[in-house]
Amino acid sequence: MKKAWIWLYMLTKRLFRKYSFLIILLLIPLAIPLANTAMQSESGVLRIALCNAGTDKNAENIIEELLSSKSVLLYKKYDTAGEARRAVETGKADAAWIFAEEFSRKAEIYIKEKRPATMVTVLERESTVPLQLAREKIYGAVYPHISKLVYTTFMEKEFTGLFSVEEIQRYYEASVGGDDIIRMEKLYKTEAPRNENYLTAPLRGLLSMLVVLCGLAAACYFLQDTKDRKYDWLSPRKRILPAFGTCFAAVAASGVAVFLALHIAKLNVGFGRELLSMLLYILAVTGFCTLWAVVFRDAGRLGACIPFFVIGMLALSPVFFDMERFACISIFLPSWYYLHAIHDTAYLFGMFVYCVAVFGVTALLNVLLRGRG
Amino acid sequence: MKKEMYARLQMKRAWKLYPSILAITVVTVSVILLVGVTMLGGFLHGEDKQKFHIGIVGDVTDSYLGIGITALQNMDSSRFSFTFMEMEEEEAQEALRKQEIFGYVHAPENFIDNIMNGENVPATFVTLGGAERIGTVLTGEVAEMVSDIVTECQRSMYAMQDAARAKGKTDGLWEKVKAMNIRYIEDFLFRTSSYEVENLGIANSVSMGGYYICGMVIFFLLLWGISSGRFMMGRSVGLQKQLLARGMSVTRQIFCEYFAFLALTFLTVFLFSVGAGFLMLKNIQGIPELSGATFFTPMRFVFTAIPVILMVTAMQTAMYEMTSGTVSSILLQFIVAIGMGYISGCLYPSTFFPETVQHIGTILPSGVGFSYLRQSMLSVPDGRTWMWLLIYTAAFLGITVWIRKCRMAGDGQ
C-alpha cells in the first residue's frame with residue numbers, strides 16, 4: 001500500500017513538472033470565476049429596440065416600465081423610428097417595437113370603437129418562435145392601459161350618467177386584483193447555484209470535459225512511456241497499475257481545480273453533493289481513461305481518437321442540451337452521470353455502478369489482451 | 001538539407017498520417033453535424049418543431065379549462081408558438097425529464113370556476129430546474145404575464161362591482177360581470193390587431209440558420225487542431241536542430257511545416273465541402289442563405305474561406321510550438337477551441353452575451369474568422385476583416401518563429 005502511495009506521488013510530481021500542464025490547471029480556478037462575473041452583467045436572449053414615435057405620455061411610461069423590468073429580453077431605447085429600424089436591419093437588435101405617434105388615441109379606437117388600431121409597429125428580420133413569443137410581452141406591457149380603458153368605457157356605457165369620470169377612476173385606483181393564478185415550481189428540487197444563468201449553465205459541462213481530456217492525455221502519456229520501455233521491468237498485465245496511477249494523477253489534479261473553480265465562481269450546488277459527485281467522477285473518469293489506454297495500446301492512436309471522445313461527449317452529455325434519445329450511448333460516458341447527478345441523486349448511484357463496471361471491464365480486457373505475459 | 005527536400009518530407013509525413021487523421025475527422029464531423037442539426041432542428045423541420053410544447057395536467061373534460069385550451073389551440077395567436085398536450089402527471093414529469101416538453105401546467109380542480117368566483121387558487125407551472133433553458137425562461141415570463149393579465153381583469157371587475165354596490169345598482173350585476181368578462185376575452189383573443197408586424201428580411205446580416213452554419217465551420221476548424229495532433233506533435237526536434245546547423249533558418253523550417261499543415265487542412269475542408277455539396281442537392285428549406293444553393297456552393301465557400309483557414313492553421317501551429325508533450329498540447333488546443341468557440345458565439349449566438357463579452361468575442365481570432373464567414377455568406381467580405389485575418393496570420397507565424405528561435409538558442413546554451 002505504501003508503495004502505491006509513493007508511486008502515485010511520483011507520477012503526480014512528474015506531471016506537475018510539465019509547467020504548461022500546471023499553468024492550465026491553475027488557470028481553471030482563476031479564469032472560470034472571471035468568465036462567470038462577465039456573464040452576470042446585462043445580457044439577453046433577444047434584443048428589442050424600443051421607440052416612442054411621438055410624445056405620447058402613456059407610450060413613454062410603458063417604455064420606461066419595460067426598460068426597468070427584469071427579463072431575458074434586453075430592451076434598448078432609440079430616439080427615432082429610423083434608428084430602431086436600422087438597428088434591426090444591421091442585426092444590432094432582433095426586433096423593434098415602435099409605439100405609434102398617437103398611441104393613446106389608437107388605444108381608444110381599439111377599445112371604444114372596437115376597430116383594429118396599430119398601437120405598436122413590430123419590425124423583425126425573420127419570424128422565429130422566440131420572437132413570436134416575445135410579441136406577447138407587447139400586449140402584457142400595454143395591457144394595464146388597455147384594461148383601464150375597457151373598464152372606463154364599460155362603466156360609461158352600462159352606468160350612463162351615474163358616475164363622474166373622477167369617481168370611475170377612484171374606484172379603479174382603490175381596487176386590487178386577486179392573487180397570482182400561476183405559481184412556478186421546479187421538478188428538480190436542487191437549488192440552482194447562486195450565479196447560474198443560461199449563459200453560465202454550460203460551464204460545468206465544459207469543465208467536466210476538461211477533466212476527461214486531462215485523463216485521456218495522461219493515458220497517452222503512459223502509452224508513450226510504455227513505448228519508451230519505461231515499464232519493461234513490470235509484467236505486461238501489471239502495467240495497468242501505472243496506467244491507473246498516471247490517469248488518476250491527472251484526473252484528480254484537474255478534478256480538484258474544477259471543484260475549486262465551481263466554488264469560487266459560486267456555481268456549486270452544495271459542498272457535500274459537489275464533493276461526492278466529484279470524487280465519484282474522478283474515479284469514473286480514471287476508469288474510463290485507463291480502459292482506453294488498455295484498448296488502444298498506442299499513444300498516437302489514442303491521441304487521434306481524443307477529438308472524437310471530446311466532441312462525442314459534448315454532444316451526448318447535457319452540456320448545452322440533453323439528447324435523451326441517445327441515452328443508450330450516453331450511459332457509457334462518465335460525464336453524463338456527473339452532470340445529471342448534480343440535480344438528481346439517483347445518478348450518483350448510477351455513477352458508482354459505472355465505476356465498478358468500467359474497472360471490471362478494464363481488468364478483464366487487460367487480462368485478455370495482455371495474456372499471461 | 002535543401003528547403004524543398006524538407007518541405008517534401010513534411011508533405012510526405014502529412015500524407016502518410018492522413019488516412020488515420022481523416023478517419024477520426026469524419027467521426028468528429030458527424031458528431032458536429034449531429035450537434036448542428038439539433039440546434040438547427042427548428043429551422044429545418046418546419047414550424048411544428050420550433051414550437052414550445054407545454055403539458056396540461058388536470059381535468060379538462062367538460063370544464064372551462066378544456067374550453068379555454070381548445071380556444072387557445074384553434075383561435076388564439078399563441079397556437080403558432082405553443083402546442084398544448086394533455087397528459088397525466090407522471091407522463092408529464094417523464095416528458096419533462098426527457099425534455100420533450102418545456103414545462104407543464106398542473107391546474108387544480110375547478111381552476112377557472114374559482115377564478116370567476118374571485119378565489120385565485122394558483123395553477124402550478126412546473127419546469128425542470130437546474131440550468132434553465134432559454135425556452136423555459138421565456139415561457140415562464142409569458143406565464144407570469146398571463147397571470148398579471150388575469151389579475152388586472154379582476155381588478156376592473158371588482159372596481160365595477162364596488163361602484164355598482166356603492167350606488168345600490170345591484171340588479172343585473174352578475175350579467176354585467178359576465179359581459180365585462182366576455183369583453184376582456186374578446187380583446188385578449190384579438191390582441192394581435194393591436195400591433196402590426198413588418199418583416200424586414202435578412203438583407204444586412206445572416207439568418208439564425210446561416211449563423212449556426214458559419215459557427216459550426218469555425219468550431220470544426222478550431223477542433224481540427226486536436227484532430228491533426230498526430231502530424232503536429234510528430235515533428236522531430238532533433239531534425240530541426242540539424243537543419244539549423246546545416247544552414248536552414250528557423251523561419252524556413254516553420255514555413256515548410258506550416259504549408260504541409262495548411263495543405264492537410266485545406267484538403268480535409270475541401271473533401272467535406274464535397275460531402276456538403278451532396279446535401280445541397282436535397283434542397284434544404286428554412287435557411288434563406290441556402291436557397292438556390294447548388295452542388296458547387298460549399299466548394300466555392302471553401303475558397304472564399306481561405307483567409308480563415310490560413311489564420312486558424314497559423315494559430316494552431318503557434319500553439320503546438322508553445323507546448324511540449326502530448327498532455328499539454330492537447331489540453332491547450334481544447335481549452336482554446338472551446339473557450340474561443342464559446343465566447344465568439346459559435347455555440348450560443350453572441351448576441352446572448354453581455355456587450356463586454358460580445359466585444360471580446362469579435363476581436364478574438366475566432367471572432368474575426370466568424371465575422372468573415374458571415375460576411376462571405378451575404379456578399380463580399382469587409383476589407384477590414386480581411387486585413388485583421390492577415391494580421392493575425394502574420395502574428396501567429398511570427399510568434400512561432402520567435403518561440404522556436406528562443407528554444408533553439410536556449411538548447412544551444
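For the range B:359-367, 3J(HN,Hα) computed residue by residue from phi via the Karplus equation (6.51, -1.76, 1.60; θ = phi - 60°) reads 5, 4, x, 6, 8, 5, x, 5, x Hz, glycine and proline entered as x. In this structure, the amide hydrogen of A:Lys77, modeled 1.01 Å from its nitrogen in the peptide plane, lies closer than 5 angstrom to those of A:Leu50, counting only residues at least 5 positions away or on a different chain. Taking amide H atoms as placed 1.01 Å from N in the peptide plane, the amide H of B:Thr83 lies under 5 Å from those of B:Phe52, B:His53, B:Ile54, each 5 or more residues away in sequence or on another chain. Contact-buried residues of the range A:13-31, at a threshold of 30 Å² lost accessible area versus the chain by itself: A:Lys18, A:Ser20, A:Phe21, A:Ile24 (1.4 Å probe; DNA, RNA and ligands ignored).
Calculate, in whole percent, how much of the Cα-Cα pair population of the range A:164-306 lies beyond 17 Å.
Details: 6992 of 10153 pairs.
More than 17 Å apart: 69 percent of the Cα pairs in the range A:164-306.
Using the Kirkwood formula over every pair of different C-alpha atoms, what hydrodynamic radius in Å results for the range A:241-306? Walk me through the numbers on the way to the answer.
Values: mean 1/r = 0.0771 Å⁻¹.
In the range A:241-306 this quantity evaluates to 13.0 Å.
Inter-chain neighbour count for A:261-272: the average number of beta-carbon atoms from partner chains within 10 Å of each residue's beta-carbon is 0. Globularity index of the range B:138-218 is 1.93 (Cα radius of gyration / 2.2 N^0.38 Å, N = number of residues).
What share of Cα pairs, in percent, lie more than 29 angstrom apart in chain A?
Values: 40689 of 69378 pairs.
When all Cα pairs of chain A are counted, 59 percent exceed 29 Å.
Working note: Karplus 6.51/-1.76/1.60 with θ = phi - 60° gives the range A:176-182 the couplings 10, x, x, 5, 4, 9, 10 Hz, where Gly and Pro are set to x.
Excluding ligands, DNA and RNA and using a 1.4 Å probe, chains B and A jointly bury around 10600 Å² of accessible surface, summed across both partners. Among the cysteines of the protein assembly as shown, those whose beta-carbon sits 4.7 Å or more from every other cysteine beta-carbon are A:Cys51, A:Cys214, A:Cys220, A:Cys305, A:Cys328, A:Cys355, B:Cys153, B:Cys214, B:Cys256, B:Cys346, B:Cys406. Mean silhouette area of the range A:77-180, derived from the convex hull of its C-alpha atoms and averaged over all directions, reads 9.0 nm².
If both residues of a DSSP beta bridge must be in the protein assembly as shown, then about 20% of such bridges are antiparallel. Over all projection directions, the Cα-based convex hull of the range B:276-413 averages an area of 10.7 nm².
Kindly report the accessible area of the range A:54-140 per residue (heavy atoms of protein chains, probe 1.4 Å, no ligands, DNA or RNA), in Å². Intermediate values should be presented prior to the final figure.
On the way: 3980 Å² over 87 residues.
Value for the range A:54-140: 46 Å² per residue.
Over the range B:190-301, accessible surface divided per residue gives 43 Å², non-protein components excluded, 1.4 Å probe.
With both labels modelled 7 Å from their Cα along Cα-to-Cβ, the A:Thr55 to A:Val256 distance reads 6.9 nm.
I'd like to know how the range A:58-128 sits against the 2.2 N^0.38 Å rule of thumb: what's its Cα Rg over that expected value?
Values: Rg = 13.3 Å, N = 71, 2.2 N^0.38 = 11.1 Å.
Against the compact-globule rule of thumb, the ratio is 1.20.
Distances between placed amide hydrogens fall under 5 Å for A:Met184 paired with B:Phe125, all partners being 5 or more residues away or on another chain. The distance linking the range B:310-366 with the range B:218-235 is 13 Å (Cα centroid to Cα centroid, whole angstrom). Across the range B:162-167, rounded Karplus estimates of 3J(HN,Hα) from the backbone phi angles (6.51 cos²θ - 1.76 cosθ + 1.60, θ = phi - 60°) give 4, 5, 5, 5, 4, 9 Hz, Gly and Pro being marked x. Give the shape of the protein assembly as shown as rounded, prolate or oblate, defined through the alpha-carbon gyration tensor: a ≥ b ≥ c are the square roots of its eigenvalues, a/c under 1.5 means rounded, and otherwise the shape is prolate if a/b is larger than b/c and oblate if not. Note, shape of the protein assembly as shown comes out prolate. Simple spin-label model, 7 Å along Cα-to-Cβ: B:Asp171 to B:Glu86 in nm? Using points 7 Å along Cα→Cβ, the separation is 4.3 nm. For the protein assembly as shown, the share of accessible area belonging to carbon and sulfur comes to 61 percent (1.4 Å probe, ligands and nucleic acids excluded). With the dipole of the protein assembly as shown worked out from charges on the C-beta (+1 for Lys and Arg, -1 for Asp and Glu) around the Cα centre, which of B:Tyr6, B:Thr127, A:Gly215 lies farthest toward the positive end? The residue sitting farthest along the positive end of the dipole is B:Tyr6.
The values are calculated or read from the model by the stated rules, or taken from the named source; none is laboratory data. Quick caveat: nothing in here was measured; it's all calculated off a predicted structure. Here the Cβ is made from the backbone with ideal geometry for all residues, glycine too, and neighbour counts use every protein chain on show. Keep in mind that these areas ignore ligands, DNA and RNA; they rest on the heavy atoms of the full protein, side chains included. Shrake-Rupley method; radii C 1.70, N 1.55, O 1.52, S 1.80 Å.
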